[in-house]
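Everything below concerns the one structure shown next.
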Protein chains: 4
Amino acid sequence: MSGNTLGKLFTVTTFGESHGLALGCIVDGCPPGLVISEEDIQSELDRRKPGTSRYTTQRREADQVKILSGVFEGKTTGTPIGMVIENTDQRSKDYGNIKDQFRPAHADYTYMHKYGTRDYRGGGRSSARETAMRVAAGAIAKKYLREQWGIVVRGFLSQLGPIKAEAFDWAQVAENPFFCPDAVKVPEMEAYMQALNKEGNSIGARINVVAEGVPPGLGEPVFDRLDADLAHALMSINAVKGVEIGAGFESVIQKGTEHRDELTPDGFLSNNAGGILGGISSGQPITASIALKPTSSLHLPGRSIDVHGNEVEVVTKGRHDPCVGIRATPIAEAMMAIVLMDHLLRHRGQNGGVQHSIPDITRR
Amino acid sequence: MSGNTLGKLFTVTTFGESHGLALGCIVDGCPPGLVISEEDIQSELDRRKPGTSRYTTQRREADQVKILSGVFEGKTTGTPIGMVIENTDQRSKDYGNIKDQFRPAHADYTYMHKYGTRDYRGGGRSSARETAMRVAAGAIAKKYLREQWGIVVRGFLSQLGPIKAEAFDWAQVAENPFFCPDAVKVPEMEAYMQALNKEGNSIGARINVVAEGVPPGLGEPVFDRLDADLAHALMSINAVKGVEIGAGFESVIQKGTEHRDELTPDGFLSNNAGGILGGISSGQPITASIALKPTSSLHLPGRSIDVHGNEVEVVTKGRHDPCVGIRATPIAEAMMAIVLMDHLLRHRGQNGGVQHSIPDITRR
Amino acid sequence: MSGNTLGKLFTVTTFGESHGLALGCIVDGCPPGLVISEEDIQSELDRRKPGTSRYTTQRREADQVKILSGVFEGKTTGTPIGMVIENTDQRSKDYGNIKDQFRPAHADYTYMHKYGTRDYRGGGRSSARETAMRVAAGAIAKKYLREQWGIVVRGFLSQLGPIKAEAFDWAQVAENPFFCPDAVKVPEMEAYMQALNKEGNSIGARINVVAEGVPPGLGEPVFDRLDADLAHALMSINAVKGVEIGAGFESVIQKGTEHRDELTPDGFLSNNAGGILGGISSGQPITASIALKPTSSLHLPGRSIDVHGNEVEVVTKGRHDPCVGIRATPIAEAMMAIVLMDHLLRHRGQNGGVQHSIPDITRR
Amino acid sequence: MSGNTLGKLFTVTTFGESHGLALGCIVDGCPPGLVISEEDIQSELDRRKPGTSRYTTQRREADQVKILSGVFEGKTTGTPIGMVIENTDQRSKDYGNIKDQFRPAHADYTYMHKYGTRDYRGGGRSSARETAMRVAAGAIAKKYLREQWGIVVRGFLSQLGPIKAEAFDWAQVAENPFFCPDAVKVPEMEAYMQALNKEGNSIGARINVVAEGVPPGLGEPVFDRLDADLAHALMSINAVKGVEIGAGFESVIQKGTEHRDELTPDGFLSNNAGGILGGISSGQPITASIALKPTSSLHLPGRSIDVHGNEVEVVTKGRHDPCVGIRATPIAEAMMAIVLMDHLLRHRGQNGGVQHSIPDITRR
């Protein structure tokens, strides 16, 4: 619980720095009997992998995952699953010049204040490279949710800087490097990114995640609400600055009659709640949206100070995503899957898997 | 950890239903030696208390807190602080008619699916009345933060439905029933609320919270980031649908050069980060903003079903806030204070209170 | 988690000092639907209550428990159960003289080093009076275990100082003030205690606890083993200095062929394991034994120092049990019940209540 | 928290099966700045390593540890330390015959009931091989305690079956394969073990652990007492059936005047408390003793059943320690060090490292 563990019954603990020997994690609490292979996990990792398009960092990492424990004869045993990914394409010398500088909008300054030291190579522990292990852990959760419960967790990029997806088609999401559900906007996004790269600048993005098939009843009032735990998990992703559930900030200007999702025997009439009422899932799709800030590593010089307090001009070399949001979709899906998995187990613990004889208007 | 506990080293566990005998909480982990009295806590509770203006529920609760343990000769001893507030003005009969109905946008439907039963009187455990104990616990955290660390946590209402505060003056916040920092907008808000009451409707709101004086170094990467824990705590407040840190969703359209807060020996040049970088406090003010949905209890009829699955028309009697956001400012402050308190203790545990010799550009 | 909470899914958090206004606790995670009343809890509290025989402290506490939340129309709702017991018979003036002294074998010296202060009245938080709330919480766990799972948790005093129970009859346990299962030894114990009282001295004791009907499969390797969690819970009882599971220290001199509990289709042939193998319940009775040190509060003077470091002679006035072990049986039962309850819920969370088709040789 | 994590602020999470690819762990919460190398950890691992004498298993594992993260330029950074040990000398075919059998006194039967499956090779997760990672994690804790706080944690074997160490000399402990402090008894133990090996049997043992230099004030009443957490950690070691603190079970027959450790300005006059009063360290040496059952893997046939419920005769092949207690000393030391480390950080978190001006009679 010292900060690098997420969850109560289904827990994920990660380790690893951007330019260290390896990244790794321990997934504890996965029920026995789930058929899982390195390929299952790899396919999720490949969606997040750097270097897959010209719009992401050119660092070439195979991100090859190895399962070290917890799986026997192709199935989980119920014991902890250890996984590692070796780092192979570090170019740590790119970072020598920022060793004593604090890059603006990076964690350099705060890590130094916290620890008095830092592994400055590629951002060390604060690098988004750490999220590879979240995706690996999330792959296990996603598979379990899908196979055992029929729950599907999917995400997409809804906005890239000023460009919003307007049309929506799940089928499109896998067809472009942005995870954009609106095919029409893809060329626009491509052009935008090219201009941005030329400029040496970066941009923010908005990602949406949806879980369908979640049974009603998940979430523990009052602090471990499902929405609160989702907010925690999503906000813990590097660069995230905002989290919305359902109508989110739109709720501020909604009237009660507008916001309330009326119930009928055939289902809810709307989903402003984002599938969560009183911190507990309602059976409707769970919808969340997150804001990602623009990448902080820029080739454009910025003002800063060094460790001695002197003014310096910082230029970040190294290879970076011009928009961290682009690769964030699989990460957000992973986080949502991990939280749901944990709450499924917690709920099952408390109520023993009993289905109460309450009409379920979402299962018609 | 079964859902009603918040924090790791400074923990708050609450109990109590809207119309039960009493609300209560245990604050565990408060360091010894803090001078604290029931009056200190009462003054915070009075800020949240129902019935203080015509814009809040007319339920009349004294909300008189009693400290049962953990304080000896006026000071905390380091042992758990037990507190209770007796409920006195329940009018449970108002709720007889909704016993078998699911009020839209309420937790009725989800509690029934989770537990197979619920204390329907006034929303039972899902009522915002539970937040009284958060304010009581937060009062202890706020006092400790202020007296021992010079940290001040304050909040305000930045938007009431369509009306945004534009001018900003901390001094105004305590001068009106809305916690609005813009005196000019207060009459507008009053008129808006009167029209709303007449209509029988409700409205959403936005609340901002700020912590000043927070030292750099608080927050535990990678999951227990300070921003992630704040998001968790703030999203756990009833009716909250969105949380932003710093620039929040504005980050989506910001370029890197715009978002990054440059550093100079005399301080940061902006605060888009909201005082948190890499999950760790930077020494700048920590800023968060939350969206609160409109109150779900409405006198205007809504469509729903009953526990047997039949269509019903629901009208919520009882006494309710037409805008839950109005009384949410002290609650949001309490949540931020509790999270900061916990992270202060956690950080001190890990680094032993050492101040590293890193230039602190926020303490000039 | 700051020290006063036990459990993961079924949690108990207590507060209260010996001579404060009240003791209290929050039981979180109790499944809904359990029929429970104050009487159910009271009957367990009465077994531990002071002043019931001449062999326990003469402090007269009604120990009247009040349920403040979590129970609606006679049944648990799944929300946290708040309980309090008011203190009524404090005689704090008895303690004025030890305010600045450290009583040998008491927590006075260590509390002062930890906190720099202490509520010296009756031992404050370190008093065994705190265990009343454990018994109250345990009463809920015991009832749930018995009614929902057929698990019975019972204890007895197996040794009072030099006097060992030799015969064994559960029916005798409730028939004497010592919880002794051997009727023949009761007069001997009475005589021993009378001599001890005259002498002004105190004595240790050994208590055994047994849980019957526990299904196989409870316990989480490798750290949260069922035996490890039992050891934690039992050792957390005031005055306990040793914990054994099954054969305990006898195992040291056993050979493998002697210790191993062989299996047959009709059951195990012995129970040296105490019902736990590899940290997981086997279906056999779970057996534990604890050592309680003699009461530290003595009328016989002892050497010590005061807060200034001066030598003093300490005589403890106040009313005390000459053998804390005598009232410890219900407390040990409560701790075992709480641990089992927690592990039942945890196990059910992980495996969903599935019964694997493995022969269960303990259920014939 | 799903069972494979120990600690709150200094946490250790392990993974790995006896015959899997690798064992590993994550140590989270180690403060930055500790000089640590693989050699430091290896030297502890070598003390536990199999195959070092004829009295331990003949499995030949190099137990070569690799640090994958959290250490930069030779020092800890404050981020999680990932470590792995590859398994190299598995002989899994030895276990084919017990695939469908439940070995008596093993976790086979209970794992099958819990999980419905198990990695039967060498005991899988229930193998004591898992403790290698505890020793690795403990090596970090031990080094920190020693270097930063002057705390020394050491253990020894006090009894091997019927043979008790009588003389005591720390210097002898490292001089014989039994960790026995009494040189005179070593030949006797050797003879005993040779006879035992010939017989094909196994034997129990008792191990003592001592921490010297622990400051007063560590431990969190009432559940997270230092002794309760030690009992938890020590009982979680494979084969442990009993835990004593200080006088332990001897307390049962002690009178109050005998047990109480009187205080003088020059120190305590005895240490029946084992350095812990009211769950908090007193500054005296912390002493604990544990009972280890005889190894369950025997070449002598035993009665059991198979997964279908049929009677079988079990003979365990494979290579095993005839006395698991012999290699348990470094493991017990590791567990005590981890618990102390965690409590040091927790205490420092709560009291900020303040030394209260209370006379410390143990530091003269």
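Out of the residues in segment D:116-130 meeting the condition of being of a type in the set (Ser, Thr, Tyr) and within 9 Å of chain C (Cβ to nearest Cβ), tell me which one is surrounded by the fewest Cβ atoms within 10 Å (Cβ to Cβ). Steps first, answer last, please.
Of segment D:116-130, the ones of a type in the set (Ser, Thr, Tyr) are D:117, D:120, D:126-127.
The next check asks that each one be within 9 Å of chain C (Cβ to nearest Cβ); those that pass are D:117, D:126.
Working: D:117: 19, D:126: 25.
That would be D:117.
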Filter segment D:179-216 for residues that are touching a helix residue (DSSP H, G or I) at 6+ places or on another chain (Cβ under 7 Å), assigned to a strand (DSSP E or B) and of a type in the set (A, V, I, L, M) and give the result.
D:203, D:205, D:207, D:209, D:211
Filter segment D:117-133 down to the residues that are under 21 Å from residue D:26 (Cβ atoms) and β-branched (Val, Ile, Thr) and list them by number.
D:131
If I go through segment C:31-57 residue by residue, how many of them are within 14 Å of chain B (Cβ to nearest Cβ) and at positive phi?
1
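Residue under question is residue D:3, and the condition is that it be within 14 Å of chain C (Cβ to nearest Cβ), under 23 Å from residue C:279 (Cβ atoms) and not in a strand (DSSP E or B); does it hold? Can you show your working first?
Numbers: within 14 Å of chain C (Cβ to nearest Cβ): yes; under 23 Å from residue C:279 (Cβ atoms): yes; not in a strand (DSSP E or B): yes.
Here the answer is yes, as residue D:3 does meet what is asked.
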Leading residue by the ranking (farthest from residue A:23 (Cα to Cα)) among those in segment A:45-82 that are crowded, with 18+ Cβ neighbours inside 10 Å and among the polar types (S, T, N, Q)
A:77
Pair list, Cβ under 6 Å, 6 or more apart: segment A:43-63 residue touching a residue at least 60 places away in the same chain (Cβ under 8 Å), other residue polar (S, T, N, Q):
A:50/A:56; A:50/A:57
Checking the conditions here, which among A:122, A:96 is touching a His at 6+ places or on another chain (Cβ under 8 Å) and modelled with pLDDT under 95?
A:122
Counting only residues that are within 25 Å of residue A:260 (Cβ to Cβ) and either touching a strand residue (DSSP E or B) at 6+ places or on another chain (Cβ under 6 Å) or within 14 Å of chain A (Cβ to nearest Cβ) (or both), how many does segment B:189-211 have?
16
Given C:324, C:314, which one is buried (at least 21 other Cβ atoms within 10 Å of the Cβ) and farther than 19 Å from residue C:205 by Cβ?
C:314
Is it fair to say residue A:8 is surrounded by 18 or more Cβ atoms within 10 Å (Cβ to Cβ) and modelled with pLDDT of 95 or more?
yes
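Of everything in segment C:174-188 that's touching a residue at least 40 places away in the same chain (Cβ under 8 Å) and crowded, with 19+ Cβ neighbours inside 10 Å, which residue is nearest to residue C:52 (Cα to Cα)?
Our first condition is that a residue be touching a residue at least 40 places away in the same chain (Cβ under 8 Å); within segment C:174-188, this holds for C:177-179.
Going one step further and asking which of them are crowded, with 19+ Cβ neighbours inside 10 Å, we end up with C:178-179.
Values: C:178: 11, C:179: 13 Å.
Ranking the qualifying residues of segment C:174-188, first place goes to C:178.
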Have a look at D:190, D:130, D:166 and point out the one that is under 21 Å from the mean Cα position of the chain (by Cα) and of a type in the set (Asp, Glu).
D:130
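Each row is one residue, and each column tells you yes or no for (1) within 22 Å of the chain's Cα centre (by Cα); (2) on the phi < 0 side of the Ramachandran plot.
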| position | (1), (2) |
| --- | --- |
| A:213 | yes, no |
| A:231 | yes, yes |
| A:238 | yes, yes |
| A:243 | yes, yes |
| A:254 | no, yes |
| A:264 | no, yes |
| A:276 | yes, yes |
| A:280 | yes, yes |
Scan segment B:82-97 and tell me whether some residue there is within 12 Å of another protein chain (Cβ to nearest Cβ), free of Cβ contacts under 8 Å to residues at least 24 places away in the same chain and closer than 30 Å to residue A:283 by Cα.
no
Assess whether residue B:161 counts as being at pLDDT 95 or above, in contact with a helix residue (DSSP H, G or I) (Cβ under 9 Å, 6 or more places away or on another chain), within 9 Å of chain A (Cβ to nearest Cβ) and on the phi > 0 side of the Ramachandran plot.
yes
Any idea which of C:108, C:169 is crowded, with 23+ Cβ neighbours inside 10 Å and in contact (Cβ under 8 Å) with a residue 12 or more places away in the chain?
C:108
In segment C:293-305, which residues are within 18 Å of residue C:126 (Cβ to Cβ) and more than 7 Å from chain D (Cβ to nearest Cβ)?
C:297
When segment C:25-69 is examined, which residues are found to be under 21 Å from the mean Cα position of the chain (by Cα), among the polar types (S, T, N, Q) and under 17 Å from residue C:137 (Cβ atoms)?
C:42, C:43, C:64
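Of the residues that sit in segment B:244-289 and are of a type in the set (Asp, Glu) and either facing chain A (nearest Cβ under 7 Å) or touching a Phe, Trp or Tyr at 6+ places or on another chain (Cβ under 9 Å) (or both), which one is surrounded by the fewest Cβ atoms within 10 Å (Cβ to Cβ)? Let's see the steps before the verdict.
If we filter segment B:244-289 for residues that are of a type in the set (Asp, Glu), which is where we start, we get B:244, B:250, B:258, B:261-262, B:266.
Next cut, either facing chain A (nearest Cβ under 7 Å) or touching a Phe, Trp or Tyr at 6+ places or on another chain (Cβ under 9 Å) (or both) only: B:244, B:261-262.
Numbers: B:244: 28, B:261: 24, B:262: 16.
So, considering only residues that are of a type in the set (Asp, Glu) and either facing chain A (nearest Cβ under 7 Å) or touching a Phe, Trp or Tyr at 6+ places or on another chain (Cβ under 9 Å) (or both), the one surrounded by the fewest Cβ atoms within 10 Å (Cβ to Cβ) is B:262.
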Is there a residue in segment D:331-340 that is over 28 Å from residue D:216 (Cα atoms), in a helix (DSSP H, G or I), more than 7 Å from every other protein chain (Cβ to nearest Cβ) and under 11 Å from the mean Cα position of the chain (by Cα)?
no
What's the number of the only condition in (1) touching a residue at least 12 places away in the same chain (Cβ under 8 Å); (2) crowded, with 17+ Cβ neighbours inside 10 Å that residue B:149 fails to meet?
(2)
Look at segment C:351-364 and say how many of its residues are in contact (Cβ under 8 Å) with a residue 40 or more places away in the chain, part of a loop (DSSP other than H, G, I, E, B) and of a type in the set (S, T, N, Q).
1
Failed item in (1) free of Cβ contacts under 8 Å to residues at least 24 places away in the same chain; (2) of a type in the set (Lys, Arg); (3) surrounded by fewer than 20 Cβ atoms within 10 Å (Cβ to Cβ), with residue B:348 passing the rest
(3)
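Against the condition surrounded by fewer than 21 Cβ atoms within 10 Å (Cβ to Cβ), under 30 Å from residue B:312 (Cβ atoms) and among the small types (Gly, Ala, Ser), how does residue A:353 come out, does it pass?
Numbers: surrounded by fewer than 21 Cβ atoms within 10 Å (Cβ to Cβ): yes; under 30 Å from residue B:312 (Cβ atoms): yes; among the small types (Gly, Ala, Ser): yes.
It is true that residue A:353 is surrounded by fewer than 21 Cβ atoms within 10 Å (Cβ to Cβ), under 30 Å from residue B:312 (Cβ atoms) and among the small types (Gly, Ala, Ser).
The values are calculated or read from the model by the stated rules, or taken from the named source; none is laboratory data. No experiment lies behind these values; they were computed from the predicted model shown. Cβ coordinates were reconstructed from backbone atoms using ideal geometry, including for glycine residues, and neighbour counts include every protein chain displayed.
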